[in-house]
Amino acid sequence: MDSYLIQVNGHGDHAPMLDVHLKNTGNTISPGKVKGRKPRWAVRASEMSKKTFNPVRAIVDSMKVEPNPKKAMISLSLGDPTVFGNLPTNDEVTRAMKEALDSGQYNGYAPSVGYQSCREAVAAYYTCPEAPLKAQDVILTSGCSQAIELALAVLANPGQNILVPRPGFSLYKTLALSMGIEVKLYNLLPDKAWEIDLEHLESLVDEKTACLIVNNPSNPCGSVFSKSHLQEILAVASRQCVPILADEIYGDMVFADCKYEPIATLSTNVPILSCGGLAKRWLVPGWRMGWILIHDRRDIFGNEIRDGLVRLSQRILGPCTIVQGALERILHRTPPEFYHNTLSILKSNADLCYAALSAIPGLQPVRPAGAMYLMVEIEMEHFPEFENDVEFTERLISEQSVFCLPATCFEYPNFFRVVITVPEEMILEACSRIQEFCEMHYQGAEGAQDLECDK
């Protein structure tokens, strides 16, 4: 039998320490040797990491192209409204953060789902008679991206599938594939202001469909669904008994001639997880504050989905507590004119950009109604020297130093996306350069045919 001596040593101000002496009276214990195993290094990346793929980064990083050194770079590619400093957040928002920090009350851990008072503030801000909310219906997250991740993780298992818009935000596919969830892409219709092809959508539903993602207002399209179209979407979800994950991070970011309807306000029976956050409407994407609003008036989700969200939230212990401390004031004290001014700037930029690009032969922009983007169709038959939208946008960078995202990033080739948050003079200069580029490479019907023959 082996014998063990454990001795407690204490020296002066130092805490007692365990001094363990092992005395083996039998077989010798040899450190580093385990029977039947020869130690060797074998560190490999996980299967989840191998399945994680961001198409935007993959395409952009592969665009090995240098901008024209004679022209300053104009980037219309990044969906961050803070980049150029022309769209600062409101002073009330900044003041709320300073007060939360100075209070010293928010330096510790919060509950993983967020402080109760903060959940109450979000519920109070979004509740309405058509879609009532209480604090227990709110899960605070680290940005809207984590809200989408948690919603997907609680609704879908590996081997199931989700329905995702095309064109659509690339993160949906990135997250789903990393979780072993299949992605089925349903079509949006550019000639109908990017409404959903409802017949195509419904044809994709099968017994393994876990949820339908509805992004309204849309990234990358800048579209806003009408009330009647949202009701048609809900009718499909109701018939097929498929819950909805509503990505509404651009909620209320709609232009004056349009109305935004949260999809949950139009449904009495389809369970919905609505994801939102501070990032875009309050112009603070780096603060990483998001939320999930649970709409479940028929108790279809029940406790199982709610409990699942709580457990999933415990993986990283919730969002930044300082931002939580400022949240109630941000939501309830930001003046209405701040939102109005932001939207006025975006609408003006959208109109300028749409008008300028509409006048360019070979391009067909789709007029946006909200968010921060517009999509532009490239009539590729008039630009036969380019294979696709990726090559078109690469050459636009190298010749004109204007960077737009090729819509292949959003599963929609032969379009490109323009971000409209840049200063007005930059929008006008970029559009002027795009016109120069297109005039240089545009081929009419006969010219394009001759070039094809030469190939």
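With (1) buried (at least 20 other Cβ atoms within 10 Å of the Cβ); (2) under 20 Å from the mean Cα position of the chain (by Cα); (3) part of a loop (DSSP other than H, G, I, E, B) as the list, and Tyr260 as the residue in question, which single condition is left unmet?
Result: Tyr260 fails condition (1) only.
Let me confirm something: among Val323, Val284, which residue is touching a Phe, Trp or Tyr at 6+ places or on another chain (Cβ under 9 Å), more than 30 Å from Ser228 (Cβ to Cβ), of a type in the set (Val, Ile, Thr) and outside the structural domain of Phe437 (by the TED database)?
Val323
For Ser358, only one of the following conditions fails: (1) assigned by the TED database to the domain that holds Gly276; (2) open to solvent by 10 Å² or more (accessible area, probe 1.4 Å). What is its number?
Of the numbered conditions (1) assigned by the TED database to the domain that holds Gly276; (2) open to solvent by 10 Å² or more (accessible area, probe 1.4 Å), the odd one out for Ser358 is (1).
Give the residues of the stretch 391-409 that are touching a helix residue (DSSP H, G or I) at 6+ places or on another chain (Cβ under 8 Å) and either open to solvent by 30 Å² or more (accessible area, probe 1.4 Å) or within 24 Å of Ala279 (Cα to Cα) (or both), sorted by residue number.
Result: Arg395, Glu399, Phe403, Cys404, Leu405, Pro406, Ala407, Thr408, Cys409.
Give the residue that is nearest to Tyr125 (Cα to Cα), with candidates limited to residues of the stretch 301-339 that are at pLDDT below 95 and under 21 Å from the mean Cα position of the chain (by Cα).
Gly318
Within the stretch 274-289, is there a residue that is over 30 Å from Asp102 (Cβ atoms) and either free of Cβ contacts under 8 Å to residues at least 40 places away in the same chain or surrounded by 18 or more Cβ atoms within 10 Å (Cβ to Cβ) (or both)?
Checked against the condition, which is being over 30 Å from Asp102 (Cβ atoms) and either free of Cβ contacts under 8 Å to residues at least 40 places away in the same chain or surrounded by 18 or more Cβ atoms within 10 Å (Cβ to Cβ) (or both), the stretch 274-289 yields at least one hit.
Among the residues of the stretch 412-433, is any of a type in the set (Asp, Glu) and over 15 Å from Cys353 (Cα atoms)?
no
Only strands (runs of 3 or more DSSP E) wholly contained in the stretch 152-226 count here; list those with 3 or more residues that are open to solvent by 20 Å² or more (accessible area, probe 1.4 Å).
The strands (runs of 3 or more DSSP E) meeting that bar are 182-189.
Which members of the stretch 71-98 meet the condition of being among the charged types (D, E, K, R), open to solvent by 80 Å² or more (accessible area, probe 1.4 Å) and under 30 Å from Leu150 (Cα atoms)?
Lys98 - this is the single residue of the stretch 71-98 that is among the charged types (D, E, K, R), open to solvent by 80 Å² or more (accessible area, probe 1.4 Å) and under 30 Å from Leu150 (Cα atoms).
I need a count of the residues in the stretch 185-211 that are in contact (Cβ under 8 Å) with a residue 24 or more places away in the chain and farther than 28 Å from Pro365 by Cβ.
8
Testing Ala100 on (1) closer than 26 Å to Gln324 by Cβ; (2) without any contact (Cβ under 8 Å) to a residue 60 or more places away in the chain, one condition comes back false. Which one is that?
Against the list (1) closer than 26 Å to Gln324 by Cβ; (2) without any contact (Cβ under 8 Å) to a residue 60 or more places away in the chain, Ala100 comes up short only on (2).
I'm trying to understand the selection: among the residues of the stretch 225-261, which are closer than 22 Å to Leu331 by Cβ and touching a residue at least 60 places away in the same chain (Cβ under 8 Å)?
Once the filter is applied, which keeps residues that are closer than 22 Å to Leu331 by Cβ and touching a residue at least 60 places away in the same chain (Cβ under 8 Å), the stretch 225-261 yields Asp247, Ile249, Tyr250, Asp252, Met253, Val254, Tyr260.
Is it true that Ala369 is open to solvent by 10 Å² or more (accessible area, probe 1.4 Å) and closer than 30 Å to Leu185 by Cβ?
yes
The values are calculated or read from the model by the stated rules, or taken from the named source; none is laboratory data. This one's a predicted model, so the numbers in the text were calculated from it and none came from an experiment. FYI the Cβ positions are ideal-geometry reconstructions off the backbone, even for glycines, and counts take in every protein chain you see. For accessibility, only protein heavy atoms count, side chains too; no ligands or nucleic acids. Shrake-Rupley method; radii C 1.70, N 1.55, O 1.52, S 1.80 Å.
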